[in-house]
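K.L.:
Take a look at the following structure, please.
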């Protein structure tokens, strides 16, 4: 029987490190493990001198790991789920830029470079390039052009919201699911007054 995702996540190790060097040391020792961990982070301005979100993400990228789910712990702390990047996992422009800087600073580790190499080979490295540039795929562009009110409302959305919609379409594997998602988006956009 499969364990529900929420319960599975509850069983993972919690890593409570207070500094960037401590998080990097943990990753040096454990980056090859196949399962992720929760990393405890302090909210901005709650405690000075602790591991920041940006530092945690940068160090994880150096080892081929990625962040995802945040979870509140209390008023001053939260947990962020970090795990080894899976095959086919797409790379955002923000993380690619971070990696350029980390590589230039000599911080990128062989494990991180190996994940980059695999992503460049399987196409996941560039999978979000058009999304990051807010380029509409032909099927969505045609559907929006056929529904002027939806097209107008789509263009009014914040770039970050448009990007979310484009990412969701990019992630879809089956053509019928993609068409259904486009239809749902058009319905939402035409309902906006």
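K.L.:
Picking from 89, 68, which residue would you name as being within 23 Å of residue 168 (Cβ to Cβ), assigned to a loop (DSSP other than H, G, I, E, B) and under 14 Å from the mean Cα position of the chain (by Cα)?
P.N.:
Among 89, 68, only 89 is within 23 Å of residue 168 (Cβ to Cβ), assigned to a loop (DSSP other than H, G, I, E, B) and under 14 Å from the mean Cα position of the chain (by Cα).
K.L.:
Of the conditions (1) crowded, with 17+ Cβ neighbours inside 10 Å; (2) in contact with a helix residue (DSSP H, G or I) (Cβ under 7 Å, 6 or more places away or on another chain); (3) assigned to a helix (DSSP H, G or I), residue 119 fails just one. Which one is it?
P.N.:
Exception for residue 119: condition (2).
K.L.:
Can I ask one more? Quick check: anything in the range 10-22 within 30 Å of residue 172 (Cβ to Cβ) and touching a helix residue (DSSP H, G or I) at 6+ places or on another chain (Cβ under 6 Å)?
P.N.:
Looking through the range 10-22, none of the residues is within 30 Å of residue 172 (Cβ to Cβ) and touching a helix residue (DSSP H, G or I) at 6+ places or on another chain (Cβ under 6 Å).
K.L.:
Can I ask one more? Return the residues of the range 136-150 that are without any contact (Cβ under 8 Å) to a residue 24 or more places away in the chain and within 30 Å of residue 96 (Cβ to Cβ); say none if nothing qualifies.
P.N.:
138, 141, 142
K.L.:
Same structure again: Collect the residues in the range 74-110 that are touching a strand residue (DSSP E or B) at 6+ places or on another chain (Cβ under 9 Å), surrounded by fewer than 15 Cβ atoms within 10 Å (Cβ to Cβ) and farther than 25 Å from residue 133 by Cβ, keeping them in residue-number order.
P.N.:
76
Just so you know, all these numbers are worked out from the coordinates, no wet-lab data involved. Bear in mind the structure is a predicted one, so any value in this text is a computation, not a measurement. Backbone-built Cβ (ideal geometry, glycine too); neighbour counts: all protein chains shown.
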